[in-house]
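Notes follow the structure.
The values are calculated or read from the model by the stated rules, or taken from the named source; none is laboratory data. Quick caveat: nothing in here was measured; it's all calculated off a predicted structure. Cβ coordinates were reconstructed from backbone atoms using ideal geometry, including for glycine residues, and neighbour counts include every protein chain displayed.
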Amino acid sequence: MTTIGLCQINPWVGHLQYNLEKIKQHFVLCQQQDVDLVVFPECAITGYPLEDLVLKPYFLQKVEQTIHDLAAVTIGSPTAILLGSPWLQAGKIVNTAMLIEDGKIQHIILKHKLPNHGVFDEKRIFQPGPLPTPILFRGLQLGVMVCEDMWYPEPAQHLKQNGAEILVVLNGSPFDLTKHERRQNQAKERVADTGLPLIYLNMVGGQDHLVFDGQSFVMATDQTYALEMPAFQETVGFIKLEKEETVAVNPLQNLPKSSMNEAETIYHCLVMGLKDYVEKNDFKGVLIGLSGGIDSALVAAIAVDALGAERVQCVMMPSPYTSKASFDDAESIVQFLKTPYDILSIEPAMAAYEQILQDTFADKTADTTEENIQSRSRGMVLMAMSNKNGFMVLSTGNKSEMAVGYATLYGDMCGGYNPLKDLYKMQVFSLAKWRNENSHSGFLGPDGPVMPDSVITKPPSAELKPDQTDQDSLPAYEVLDAILHQLIEKKASIQDVVANGFREDEVIKVYHLLHRAEYKRRQSPPGPKVSTKALSAERRYPITNGFLLNL
């Protein structure tokens with residue numbers, strides 16, 4: 001019988017000492033439970049993804065030193081460690097799984113399949129290893145793979161052919177709305193291919209534009225789940241392997257299963273992404289320009305749930321076009337959330353810019369220039385407060401707006417992080433409704449509603465001119481989001497989208513807006529990925545793009 005502890009942890013990219021201490025704490029916990037093998041995710045010692053940090057020779061030297069420091073804690077212990085780490089081997093940087101026992105690195109398995117798609121570009125920084133072979137651990141042949149290796153049949157089949165009795169997969173697999181189902185399907189295929197049980201261990205935590213959701217699991221040979229671990233939580237799971245003719249997997253405790261709907265899952269992702277971005281970058285708190293609209297209200301709620309009300313500063317910056325309803329709604333939001341609140345009018349700034357530019361603009365009619373001055377005045381106020389107080393500004397634009405450029409550079413786009421960056425407008429409505437009706441024990445905000453219903457039901461407006469609504473410039477959000485989803489996630493052509501029942505003139509307009517706004521998106525702050533195709537590093541279109549001229 002072999003007892004295994006599965007540690008679904010939240011590492012900190014680059015902070016080797018932090019990760020070492022976390023791993024040691026979990027090792028001691030598992031050792032006290034008489035565990036034979038403690039397993040940690042891919043790149044647990046360094047965090048993931050490492051990007052160009054792993055190309056730095058001094059960093060790799062420190063990684064090696066840290067691994068040896070970790071190995072020292074296993075001297076004389078009956079408990080061994082299996083974890084992921086980058087490694088310099090024969091002059092090549094490789095992504096590995098290491099078995100550490102009794103003070104020594106006993107085995108190193110190299111990642112064979114390097115992902116080079118979506119958010120991944122591992123071929124740029126790592127060298128691939130050969131097909132993996134099993135590790136003999138106390139009479140049990142472990143078929144160890146690293147993340148991407150599970151998504152192809154060859155590594156698992158090769159392990160089976162060479163005597164593996166169980167598959168163990170170390171992962172750094174970031175969240176999107178379809179990812180967990182796809183992981184499970186791949187695991188089922190590997191189990192079906194090999195007839196072996198499979199351990200899938202993932203990490204949790206936010207890392208810049210990615211959030212890792214955990215949801216680790218153990219799958220038996222009949223493709224049922226012997227163990228399922230929760231989403232967006234650090235957790236330790238314990239299983240017992242009993243070997244007769246085959247290996248049977250038995251859980252040693254019952255863990256709460258994740259049974260979240262889509263809105264709840266996304267909301268937890270955004271809370272974790274923001275919390276880790278703020279904490280790991282050592283910001284005191286966050287600043288939010290609170291307009292009384294749904295986007296800034298939802299960002300404020302996410303921030304309070306992630307950080308607590310005392311670390312969220314809301315600022316209302318009215319102009320002559322700010323409605324009384326927006327004032328009232330903003331006031332209600334801060335009463336729900338109990339955050340600090342300032343009201344700072346931008347009218348003096350507008351008057352100052354008008355005076356500065358009056359001669360230059362003397363023969364020109366007012367247009368979006370004056371509207372953008374309002375937005376940039378608000379950005380200046382927020383950034384000044386950020387500099388003075390050490391709080392990070394949160395941008396509040398959603399994916400629909402960012403896709404078509406309905407945002408102002410150096411205005412409402414300013415900030416260090418944008419929780420809504422990968423949410424279409426209709427998803428914003430869905431999340432706001434969900435949070436107004438639900439909470440969670442891990443949230444630091446109120447148990448009840450976080451905004452008045454009027455914020456959710458009123459027509460969206462930038463309030464940069466009299467009686468303005470978003471639909472003055474854009475199709476209805478239900479239509480806009482559906483068109484954008486096909487253009488972005490499905491990579492559809494104009495003709496494809498029109499064939500699906502949308503008006504040609506609207507599709508052409510949205511298509512051109514999407515591509516013309518590329519230069520704006522390149523200057524936008526990071527935000528958590530939730531879709532299969534975020535407007536970030538995984539969608540790389542040229543800014544200077546003559547293809548549009550041919551359409």
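Remarks
- Residue list for segment 511-531, filter: farther than 18 Å from GLY411 by Cα and buried (at least 16 other Cβ atoms within 10 Å of the Cβ): TYR511, LEU513, LEU514, HIS515, PRO528, LYS529, VAL530, SER531
- Only one of the numbered conditions (1) assigned to a helix (DSSP H, G or I); (2) over 23 Å from PRO528 (Cα atoms) is not met by CYS269, and that is (2).
So that you can scan it fast, the table gives a plain yes or no per residue for (1) over 28 Å from PHE232 (Cα atoms); (2) touching a residue at least 24 places away in the same chain (Cβ under 8 Å); (3) not in a helix (DSSP H, G or I):
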{"residue": "VAL507", "(1), (2), (3)": "yes, yes, no"}
{"residue": "LEU513", "(1), (2), (3)": "yes, yes, no"}
{"residue": "LYS520", "(1), (2), (3)": "yes, yes, no"}
{"residue": "SER524", "(1), (2), (3)": "no, yes, yes"}
{"residue": "LYS529", "(1), (2), (3)": "no, yes, yes"}
{"residue": "ALA534", "(1), (2), (3)": "no, yes, yes"}
{"residue": "ARG540", "(1), (2), (3)": "yes, no, yes"}
{"residue": "ILE543", "(1), (2), (3)": "yes, yes, yes"}
{"residue": "LEU548", "(1), (2), (3)": "yes, yes, no"}
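- Of the residues making up segment 76-89, not a single one is assigned to a loop (DSSP other than H, G, I, E, B) and over 20 Å from LYS104 (Cα atoms).
- Summed over segment 199-215, the residues that are crowded, with 22+ Cβ neighbours inside 10 Å, out of contact with any Phe, Trp or Tyr (no Cβ under 6 Å at 6 or more places or on another chain) and not in a strand (DSSP E or B) give a count of 3.
- Of the residues making up segment 310-326, those that are under 23 Å from SER386 (Cα atoms) and over 32 Å from the mean Cα position of the chain (by Cα) number 2.
- HIS117 being at pLDDT below 95 and either within 24 Å of the chain's Cα centre (by Cα) or not assigned by the TED database to the domain that holds VAL204 (or both): yes
- In segment 310-344, residue surrounded by the fewest Cβ atoms within 10 Å (Cβ to Cβ) [restricted to those that are under 11 Å from VAL450 (Cβ atoms) and in contact with a helix residue (DSSP H, G or I) (Cβ under 7 Å, 6 or more places away or on another chain)]: LYS338
- Look at segment 217-228: where a residue is on the phi > 0 side of the Ramachandran plot and a partner is outside any strand (DSSP E or B), sitting 6+ places away or on another chain with Cβ atoms under 6 Å, you get GLN223/LYS188; GLN223/VAL191.
- Taken over segment 331-388, the criterion of being assigned to a helix (DSSP H, G or I), without any contact (Cβ under 8 Å) to a residue 12 or more places away in the chain and basic (Lys, Arg) is satisfied by LYS388 alone.
- Count of segment 155-181 residues which are without any contact (Cβ under 8 Å) to a residue 40 or more places away in the chain and farther than 22 Å from GLU234 by Cα: 9
- Within segment 19-42, one or more residues are buried (at least 17 other Cβ atoms within 10 Å of the Cβ), modelled with pLDDT of 95 or more and acidic (Asp, Glu).
- Filter pass, LYS465 being at pLDDT below 95, charged (D, E, K, R) and surrounded by fewer than 24 Cβ atoms within 10 Å (Cβ to Cβ): yes
Rundown of residues vs (1) crowded, with 18+ Cβ neighbours inside 10 Å; (2) touching a helix residue (DSSP H, G or I) at 6+ places or on another chain (Cβ under 9 Å), yes/no style:
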residue	(1), (2)
LEU99	yes, no
ASN116	no, yes
GLU122	yes, yes
PHE126	yes, yes
PRO134	yes, yes
LEU140	yes, no
TRP151	yes, yes
LYS160	yes, yes
GLY163	no, no
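- If you go through segment 469-489 and keep only what is surrounded by fewer than 16 Cβ atoms within 10 Å (Cβ to Cβ), assigned to a loop (DSSP other than H, G, I, E, B) and either of a type in the set (Ser, Thr, Tyr) or at pLDDT below 95 (or both), you end up with THR469, SER473, ALA476.
- Of the residues ALA192, ALA231, ALA263, the single one that is out of contact with any helix residue (DSSP H, G or I) (no Cβ under 7 Å at 6 or more places or on another chain) and touching a residue at least 24 places away in the same chain (Cβ under 8 Å) is ALA192.
- Only residues that are within 18 Å of ASP213 (Cα to Cα), of a type outside the set (D, E, K, R) and assigned to a loop (DSSP other than H, G, I, E, B) were counted across segment 21-44, and they come to 4.
- Options LEU196, LEU227; residue that is within 22 Å of ASP149 (Cβ to Cβ) and assigned to a strand (DSSP E or B): LEU227
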